[in-house]
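The values are calculated or read from the model by the stated rules, or taken from the named source; none is laboratory data. Because the structure is a prediction, the values reported are computed rather than measured. Cβ atoms come from the backbone with ideal geometry, glycine included; neighbour counts cover every protein chain shown. The protein model used for the area step is the full one, side chains on, heavy atoms only, and it has no ligands, DNA or RNA in it. Shrake-Rupley method; radii C 1.70, N 1.55, O 1.52, S 1.80 Å.
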Amino acid sequence: MNKVESTQRAAPESMVPVGVVPTTIVQAAMSDFQACTTHAALENAKSRYLGKSGLITERLKGLSELTPEHKKVHGAEINRDKDSIEAAYKSRRGELETEALNAKLAAESIDVTLPGRGRGTGGIHPVIQTWQRCEEIFGSIGFDVADGPEIEADWYNFTALNNPPNHPARSMQDTFYVDMNGTDGLPLLLRTHTSPMQVRYAKMHADDLTNNGKPIKVIAPGRTYRVDSDATHSPMFHQIEGLWIDENISFADLKGVYTDFLRRFFETDALQVRFRPSYFPFTEPSAEIDMKFDSGPLKGRWLEISGSGQVHPSVVKNFGLDPERFIGFAFGSGLERLTMLKHGIGDLRLFFEGDLRFLKQFA
Ligand code: DAH
């Protein structure tokens, strides 16, 4: 054996770290891998054997110094070890993945025996319940239901209702103007009442009444706006407008229809209602309808629930109808106020605070 040969033969042993015998490198890797409890630790361990300067890689590099026969034998051996280490690495990686998955599943596990949280049931707002009930009651006595714009033209909101520009009655209904030069230079505003719907609906059905004798009989519930805020007023509130026009509809019909409506709405005949003489530009004669609270913090107090009256001839004319031939009544009632009276609620602002403790009582 010459010098070169002996150096070459010694090479494989000299690359094995002290204390590690070649045959046990696989076992060493296996126990190393087994000791790893995280992915990162396992990757580090793997690179100690299979990385760029890992033990196996170093050994493979050392092969170049061996004779062809030794190369063959040792090469095969090293490759077998390499395959075994790779397999050990993969199996440990699989184990760690399974462990991680199991831990995740355990953490996220659902206890199907717990009672469900549920979503809670919604309820219809008390004011909207009143709105719906009004539609039912008036619908049952033949009133059509109409809906119209909340941003209204000055003409419909005021002028057509016999309330021309600069009329002092306008100041009773201070409101929010949206565009001072809206349509034809006339302002657009948030409607102050549902009364403009009288004009819109009657104009559309005027010919049917004139030519076919079909009465105009309509309610128009909706949102309205005024610069007002206290226990019985809010900047946004709901009204229901009523209009009945035909050849012989009188103030007596107003009293009859409205009282009948109240009896059904409050589900009692023992009502405390009064028709109090009043003024509106669009009715003559005019009346406010008041009702007395019979429960709640306002018990014994009167509350105005509606304006009403016989439609003014100038307004009938603006409907496109002949005021000598057609006559009728109108009313505009506050839906919050009807609701307050029905449930004995002392402050209308409760309707808009969204407090579930209050609202749940009506669900
Ligand atoms: N629009 C009036 C208001 O908001 C209420 C009203 C009064 C409506 C008399 C009417 C009516 O239809 O005839 O105060």
Practice task
Take Gly309 and decide whether it is under 20 Å from Ala220 (Cβ atoms), out of contact with any helix residue (DSSP H, G or I) (no Cβ under 6 Å at 6 or more places or on another chain) and open to solvent by less than 50 Å² (accessible area, probe 1.4 Å).
Solution key: yes
Practice task
Report the residue count in the range 325-335 for those that are under 23 Å from Gly213 (Cβ atoms), touching a strand residue (DSSP E or B) at 6+ places or on another chain (Cβ under 8 Å) and open to solvent by 10 Å² or more (accessible area, probe 1.4 Å).
Solution key: 1
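Here is a yes/no grid of residues against (1) among the β-branched types (Val, Ile, Thr); (2) over 15 Å from Gly222 (Cα atoms); (3) surrounded by 14 or more Cβ atoms within 10 Å (Cβ to Cβ):
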{"position": "Arg117", "(1), (2), (3)": "no, yes, no"}
{"position": "Asp144", "(1), (2), (3)": "no, no, yes"}
{"position": "Trp155", "(1), (2), (3)": "no, yes, yes"}
{"position": "Asn162", "(1), (2), (3)": "no, yes, yes"}
{"position": "Asn166", "(1), (2), (3)": "no, yes, no"}
Handout entry: Single residue of Leu262, Leu298, Leu338 found to be away from the ligand (no atom under 12 Å from the Cβ), in contact (Cβ under 8 Å) with a residue 60 or more places away in the chain, over 20 Å from His205 (Cα atoms) and assigned by TED's automatic domain parsing to the domain that holds Gly213
Key = Leu338
Handout entry: Matching entry among Asp228, Asp208 (being open to solvent by 10 Å² or more (accessible area, probe 1.4 Å), in a helix (DSSP H, G or I) and either over 13 Å from Val311 (Cβ atoms) or within 13 Å of the ligand (Cβ to nearest atom) (or both))
Key = Asp208
Handout entry: Residue ID - farthest from the ligand (Cβ to nearest atom), chosen from residues in the range 272-295 that are open to solvent by 40 Å² or more (accessible area, probe 1.4 Å) and under 40 Å from the mean Cα position of the chain (by Cα)
Key = Ser295
Fill in the blank from the handout: Restricting the range 174-201 to residues that are assigned to a helix (DSSP H, G or I) and either more than 14 Å from the ligand (Cβ to nearest atom) or of a type in the set (A, V, I, L, M) (or both), the one most open to solvent (accessible area, probe 1.4 Å) turns out to be Met197
Problem - Hey, Glu288 of a type outside the set (Val, Ile, Thr) and within 22 Å of Gly222 (Cβ to Cβ) or not - result: yes
Fill in the blank from the handout: Over the range 138-173, the set of residues hydrophobic (A, V, I, L, M, F, W, C) and within 14 Å of the ligand (Cβ to nearest atom) is Phe138, Phe143, Ala146, Phe158, Ala160, Leu161, Ala169, Met172
Handout entry: Positions within the range 301-321 being away from the ligand (no atom under 16 Å from the Cβ) and aromatic (Phe, Trp, Tyr), in sequence order
Key = Trp302
Problem - Subset of the range 101-140 that is of a type in the set (A, V, I, L, M, F, W, C) and touching a residue at least 12 places away in the same chain (Cβ under 8 Å) - its residue that is nearest to Phe33 (Cα to Cα) - result: Ile124
Exercise for the section: Out of Lys52, Lys61, Lys90, Lys71, report the one residue that is open to solvent by 80 Å² or more (accessible area, probe 1.4 Å), without any contact (Cβ under 8 Å) to a residue 40 or more places away in the chain and touching a Leu at 6+ places or on another chain (Cβ under 7 Å). Expected result: Lys71
Problem - Scan of the range 238-249 for residues that are within 14 Å of the ligand (Cβ to nearest atom) and either open to solvent by less than 30 Å² (accessible area, probe 1.4 Å) or not in a strand (DSSP E or B) (or both), ordered by number - result: His238, Gln239, Ile240, Glu241, Gly242, Leu243, Ile245, Ile249
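Would you mind stating whether Asp322 is of a type in the set (Asp, Glu) and open to solvent by 50 Å² or more (accessible area, probe 1.4 Å)?
Criteria met by Asp322.
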